[in-house]
1. Between beta-carbons, use under 12 Å as the cut-off and find the net charge around Ala312, counting Lys and Arg +1, Asp and Glu -1.
2. 5 Å is the cut-off here: which amide hydrogens, built 1.01 Å from N in the peptide plane, fall below it relative to Ala28, excluding neighbours closer than 5 in sequence?
3. Which residue, Gly230, Gly95, Gly178, tops the fluctuation ranking in a GNM of the chain built on C-alpha contacts under 10 Å?
4. Can you give me the pair-distance distribution of the chain, C-alpha pairs, 10 Å bins, whole percents?
5. List the pairs from Lys253/Lys277; Lys253/Lys317; Lys143/Lys163 whose alpha-carbon separation is above 19 Å, in the order I gave them.
6. Which cross-chain or sequence-distant (5 or more) residues have an amide H under 5 Å from the amide H of Met153, H modelled 1.01 Å from N in plane?
7. Go through 63-69, 245-251, 42-48 and give me the packing order, highest mean Cβ count within 10 Å leading.
8. How much accessible surface does Thr187 have with a 1.4 Å probe, in Å² rounded to 10?
Amino acid sequence: MSAVDRPAWLPWLQQPLVDALHQLNSHAVLLHGPEGVGQFEFALALARSWLCEASAVGQVFQPACGRCVSCHLIDAGSHPDLMVVLPEALQASLGWQSAADDADAAEKSSTSKTKKLSQDVKVDAIRAVVQFSQHTASRGRAKVVLVYPAERMNLIAANTLLKTLEEPPGQVRFVLSGASLEQLLPTVRSRCQAWHLPLPDAEVASSWLHTQLDRISPAEARVLLDAAGGQPLTARDRQKLGLDAAYWPQIPKDLLNGVATALTQWPLTLVVETLQKVCHDLACVAVGAGPRYFPRDSLPVIADIDRLTHWAQELSKVSRHAEHPWNQGLKVETLLLQARAVMRPKPTRGNPRS
Ligand SMILES: [Zn+2]
């Protein structure tokens, strides 16, 4: 494995890391929680701490020192006792590339232009994990396998891992991490000690976001964080896709008035996600609850909960088929018309009470 441009440490992970190192006592950890809070970074920090050579063997684990040989090897992506297993599609964005990929990097970059990179954790990678687990640790501390997102293992891959997870050779530790772990085999889940990584404190997360993005105020950082449901890494990524903090609160009313043309410039997945958030918050307001993604005063009151429920179902169908080769422009236009129809239905003629 080689590491490139890995993002800096995320401040809200420090205390959970200390707690996890003190409380986890199983050889296999199942890290779960929302996306966009740094699950991969947390899993890697656990692995780094387990392998760190600064403390004596047998002592309670501490966060990695960042200075010993082991820490440097992990930073260089070449620790012989660490195996990081990711789908191809995530390797570049998380700053990890497998050794096999290094060998044919040129071929890979040309292939990636023509062929979509896999979103799955492949069974071959899990077979390599089984092999890796059989050998004793090169540096004598431990061996660590990190699989992320664990729910992207298909049935065959998960079954292949099961035996090693059940009867791990002496020094091997596993950290499986993901956001939809209900999709994971129950037999795999039951072999692991679960650890929940929660959403970070909003103040800490929005201050971090403010330092990460150019030309946004602290208040705008908070708008972006709320728009991402409190997930700071998601907020950062959405802003890079074109989500504008100054425009976000205007979206519900622009949809109502049929003038949300800015959304036609966004990727379809972001449009669908945004409409789902509008729909969610309109439903919250309709039943007297507080909205989650938009400021309360940006949301019109839509009393017809049945219409909102039907809209939510329609959006969910589109979201499940996000990989479908839609005509992007046409699909977005249809979705915007549908939003307007839900939010401003045509008045029925001949209302007997009028
Ligand atoms: Zn160290």
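1. Details: positive: Lys277, Arg307, Lys317; negative: Asp281, Asp306, Glu314.
Around Ala312, the charge tally is 0.
2. Phe174, Gln193
3. The residue that fluctuates most here is Gly95.
4. Values per bin, smallest distances first: 5, 21, 28, 23, 14, 6, 2, 1, 0.
5. Details: Lys253/Lys277 14 Å; Lys253/Lys317 24 Å; Lys143/Lys163 17 Å.
As for pairs spanning more than 19 Å Cα to Cα, those are Lys253/Lys317.
6. Counting only residues 5 or more places away or on other chains, the set is Val121.
7. Numbers: 63-69: 15.4, 245-251: 17.6, 42-48: 24.1.
Per-residue Cβ counts within 10 Å, averaged per peptide and sorted highest first, yield 42-48, 245-251, 63-69.
8. 60
The values are calculated or read from the model by the stated rules, or taken from the named source; none is laboratory data. Owing to the predicted nature of the structure, the values given are computational and were not obtained by experimental measurement. We place every Cβ from the backbone using ideal geometry, glycine too, and count neighbours over all the protein chains shown. Side chains are part of the model used for accessible areas, which takes the heavy atoms of the whole protein and leaves out ligands, DNA and RNA. Shrake-Rupley method; radii C 1.70, N 1.55, O 1.52, S 1.80 Å.
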